[in-house]
Amino acid sequence: QVQLVESGGGLVQAGGSLRLSCATSRSIFSISAMGWYRQAPGKQRELVATITPGDSRNYADSVRGRFTISRDNAKNTVDLQMNSLKPEDTAVYYCNADYRRLPLWGQGTQVTVSS
């Protein structure tokens, strides 16, 4: 049963922008801190950004100032706007929900940044 559905990945040149979106159910979205993580080939999965139901945001140092995470309470989605992309941002990006202390994960979406 897929509870988090990501969209918006793709191929972009360095300096470009992409917007990722993650949709889930109202019951999960309304009480969960949501976030985006990424995993590059041969590396561990790492936190990119998180946002709480109260709109408190946290970013990895590597993306702060370039990426923006946001919640749409009407659509039950969490978006990640990625600007000034770099080749080192290339990874599979995963949506995460901290649901009743149980982590839920999406299937992942590939982001590739060419130099």
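The values are calculated or read from the model by the stated rules, or taken from the named source; none is laboratory data. Being a predicted model, the structure only gives us computed values, none of them experimental. Cβ sites come from the backbone with ideal geometry, for glycine too, and all protein chains shown count toward neighbours. With ligands, DNA and RNA removed, areas are computed over all heavy atoms of the protein, side chains included. Shrake-Rupley method; radii C 1.70, N 1.55, O 1.52, S 1.80 Å.
Sub-7 Å Cβ pairs linking a first residue in the stretch 92-115 that is under 20 Å from Gly42 (Cβ atoms) and among the aromatic types (Phe, Trp, Tyr) to a second residue that is open to solvent by less than 80 Å² (accessible area, probe 1.4 Å) and not in a strand (DSSP E or B), at least 6 apart or interchain, are Tyr93/Gly9; Tyr93/Gly108; Tyr94/Gly106; Tyr94/Gly108; Trp105/Leu4, ordered by first then second residue. Applying a threshold of 6 Å to beta carbon distances and a minimum spacing of six or more residues, or different chains, the list of pairs starting in the stretch 24-51 at a residue that is farther than 12 Å from Asp98 by Cα and among the polar types (S, T, N, Q) and ending at one that is in a strand (DSSP E or B) and at pLDDT 95 or above reads Gln39/Ala91; Gln39/Val92. Might you let me know whether the stretch 67-80 holds any residue that is small (Gly, Ala, Ser), in contact with a Ser or Thr (Cβ under 8 Å, 6 or more places away or on another chain) and at pLDDT below 95? No, every residue in the stretch 67-80 fails to be small (Gly, Ala, Ser), in contact with a Ser or Thr (Cβ under 8 Å, 6 or more places away or on another chain) and at pLDDT below 95. For the stretch 41-72, filtered to residues that are open to solvent by less than 60 Å² (accessible area, probe 1.4 Å) and among the basic types (Lys, Arg), the residue that is nearest to Thr112 (Cα to Cα) is Arg66. Among the residues here, Val63 does not qualify as β-branched (Val, Ile, Thr) and within 18 Å of Ser7 (Cβ to Cβ).
The set of residues in the stretch 73-93 being open to solvent by 40 Å² or more (accessible area, probe 1.4 Å) and more than 16 Å from Arg57 (Cβ to Cβ) consists of Ala74, Lys75, Ser84, Lys86, Pro87, Glu88.
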